[in-house]
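Have a look at the structure below, then the notes.
Throughout, read-outs are computed from the coordinates displayed, never taken from laboratory work. As the structure is a prediction and not an experimental result, all values here were calculated from the model. Backbone-built Cβ (ideal geometry, glycine too); neighbour counts: all protein chains shown.
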Amino acid sequence: MPRVGSLSGTFRGWRTTLKPLFYLFCISSVAGPEGACVGRHLREMKSATLLFTFARSGHALRMGMGMPAATRMTRAMATMSGNPTAKFTTSLGEFSAELYQDKMPITVANFVDLAKTGYYDGMTFHRVIPNFMNQFGCPYSKDPKSSRAGTGGPEGGTSFTTAAGDSITRNGGGNIPDEFEAEISNEPGTLSMANTGQPNTGGSQFFINTVHNSFLDWFDKSTPSKHPVFGKVTEGMDIVTKINTTPTGPGDKPKTPVVMEKIEIV
């Protein structure tokens, strides 16, 4: 999408006040990288709905000499980027991720707003598929047995502000504009937006890739899947893997709910 100048008005159903910037948001499917998407794993997911949610957390973290060199490098890069970091505290442990605010300003701001208001607190990972991804962010998942888990999102008409000071209002369905600018692949550890497979249907749901799912990239023309990446795990990938290998039942739901206790933006 081309760059736009300052404007106030509506953009595909969203009320906005924008300064010059790039729309860098991408989305997936409301049921997960499944239903509306195609691909090796997507075909296995019969009713998936990866909603979306995003973020590229890039916050300055100290480089501990006791940690692996790769982790120190990742932290150093996050510090240099000036991006915020999201710290996830789950019932199985903690992990952190850099949010790509510099490349995905609208998507990250949406995620940060929801995290800071406690929106995600108490939700569960409603779809977990080994060697594929962990999906999260649906308000209905607070009830682990809900058949609606994977179909919900933020309240329509609510607003948030980007780091640049631009005001964005979610449309009637609680969704935000797609940001298809930054070509960041769905590599292991990346946070990627879920959606219904239709344009501008990302809201609060997202998934964490546990393998390289390049066929989900919005710029990969081999499938119609368009899941934009907005962040990447910088610490605690072992916890992400632990979640990915937890026993699951019907609908790929963990037999023992994996609860998100809180998400902190630091």
One quarter of the C-alpha convex hull surface, i.e. the mean projected area of region 138-180 in nm², amounts to 4.0 nm²
Check: C-alpha center region 90-115 vs C-alpha center region 197-262, spacing in Å is 13 Å
With Rh as the Kirkwood radius over Cα pairs, region 130-266 has Rg/Rh of 0.95
Sorted on mean Cβ neighbours within 10 Å (highest first), peptides 159-165, 251-257, 129-135, 187-193 come out as 187-193, 129-135, 251-257, 159-165
Using the Cα gyration tensor of region 179-259, the equivalent ellipsoid's semi-axes, largest first and to the nearest Å, work out to 23, 15, 12
Whole-percent tail of the Cα-Cα distance distribution for region 135-211, cut at 22 Å, equals 30 percent
One point scatterer per Cα, no solvent, Debye formula: log10 I(q)/I(0) for region 96-170 at q = 0.22 Å⁻¹ comes out as -1.08
With DSSP loop assignment and no more than 13 other C-beta atoms within 10 Å, the trypsin sites (Lys or Arg not before Pro) in region 214-248 are Lys221
Per DSSP, the loop-located GluC sites (Glu not before Pro) within region 111-204 having at most 16 other beta carbons within 10 Å are Glu155, Glu183
